[in-house]
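These notes are about the structure you will find just below.
Derivation of every value follows stated rules applied to the coordinates shown; laboratory data play no part. On a predicted model such as this, the values are computed, not experimentally measured, just so you know. Counting neighbours? That spans all protein chains shown, and the Cβs are built from the backbone with ideal geometry, glycine included.
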Amino acid sequence: MRIVHVSVRDFYLTIERARLGLGEEAALALHFPDEPGFVVACSESAAARGVRRRMPLDKARAALPDGVFVPADYQSYARISDQLNSSLRERYPFTEQLDFYEWFSDLTEEPDGWSEDLLRENFRRPYPFRVDIHASRNKFLAKLGNETGRTISDPHIRDVLSGLDLKHFWGIPRKWIQEFKKMGLEKIGEVGGLDAELLEKKFPGQGRRMAALGRGEDDHEVLPFAKPTRLSRNGMFRMAEGSESHKKILTRLTGELSDQLQKNGHAGFALTLEMTGGGQRVTHRYRFLLPTSRPSSLLVGALSMLKKMRDLLPEAAPLELNLSVCEIVCDRERYQLHGSPRSDLEILRGF
């Protein structure tokens with residue numbers, strides 16, 4: 001098997017630099033276009049002056065008063081990503097898109113083999129993108145090679161993994177990495193040396209897989225298509241508890257959904273927040289344009305919906321909360337979103 005992981009560095013920043021005629025040295029920060037405003041990407045020079053991803057916009061402007069701040073144009077980024085995706089699929093049909101700027105391609109059965117130069121040609125237009133490409137025998141190793149800049153190929157896979165920090169163990173929740181560290185583990189290869197049955201008892205349903213990944217083994221195939229699916233998490237809520245309590249609950253739920261989403265390829269989805277209590281049910285559905293599973297993105301959507309629902313529900317009554325994502329697919333062509341993220345609010349009383 002020959003799997004290639006392709007990732008475009010500074011995808012958003014490269015597009016905006018080209019549009020604005022800015023050099024790489026410019027202090028540039030992109031921010032979420034709606035409330036709550038926060039930084040979604042920033043240049044190295046902006047980061048050197050204290051700007052960080054997910055930083056509130058007002059704090060970022062205070063840290064960088066002479067910087068260039070641009071609202072992120074996800075509608076445009078999606079079009080550009082679609083162009084790259086279509087071009088890549090024309091050359092290598094068995095391609096799975098992970099994000100606007102990230103792909104897996106299975107080139108095992110390509111009759112003419114594959115060429116890194118041909119792959120790079122796919123990304124030279126319409127912007128001067130810098131592309132990282134790494135090939136290995138499975139998805140885990142291909143992505144790991146790109147992320148770490150290490151060559152991960154036979155017969156030295158075990159040796160390389162024994163030197164890679166657990167922070168690079170992609171595809172598993174961060175809380176599990178913390179559990180490994182409590183067990184005295186620091187390197188990915190150390191997980192592969194554990195007894196798979198003991199790991200399975202500690203992480204039911206996932207232990208054997210993590211032990212296999214720690215050895216550099218991954219049987220997950222490249223999936224150009226997948227059936228839509230739905231994931232959900234539940235909790236209890238009171239409007240009177242205040243915004244910090246609300247944020248804490250939603251942070252937990254979005255974190256759990258994000259962990260699950262990372263295991264599913266997807267190109268866009270609808271996030272739904274439903275609250276029931278006091279004789280009524282209020283449902284808000286938010287359609288995401290960007291293919292991301294980051295907890296911060298889910299949290300922004302959930303908080304935005306809650307803000308619109310706040311005055312529609314009783315303050316003191318206990319509310320049953322359900323947060324869900326649906327219509328997750330591996331191929332953008334199967335779930336095409338046009339325009340900015342859209343939301344729909346539905347109120348049901350006396351049900």
Item to check | GLU24-ALA317 FRET efficiency (beta carbon distance; Förster radius 51 Å; 0.05 resolution) | outcome: 0.40
Item to check | Charged-residue dipole, Cβ positions (Lys, Arg, Asp, Glu), the stretch 9-73 about Cα centre, Debye nearest 20 | outcome: 200
Checklist entry - If you take the beta carbon distance between ASN234 and SER86 as r and set R0 to 41 Å, what does 1/(1 + (r/R0)^6) give as a FRET efficiency, to the nearest 0.05? => result 0.55
Checklist outcome for this item: Counting all Cα-Cα pairs in the stretch 9-73, those more than 14 Å apart amount in percent to 48
Item to check | Cα lying deepest toward the dipole's positive end in the chain, options PRO128, LEU28, GLY301, charges on Cβ | outcome: GLY301
Checklist entry - In deg cm²/dmol and to the nearest 500, what is the mean residue ellipticity at 222 nm of the chain if only DSSP H runs of at least 4 residues count, each as -39500 (n - 2.57), divided by the residue total? => result -10000 deg cm²/dmol
Checklist outcome for this item: Cα-based Debye curve of the stretch 109-241 sampled at q = 0.14 Å⁻¹ gives log₁₀ I(q)/I(0) of -0.81
Next on the checklist: At 1.567 mPa s and 4 °C, plugging the Kirkwood radius over alpha-carbon pairs of the chain into Stokes-Einstein gives what diffusion coefficient in µm²/s?
Outcome noted: 59
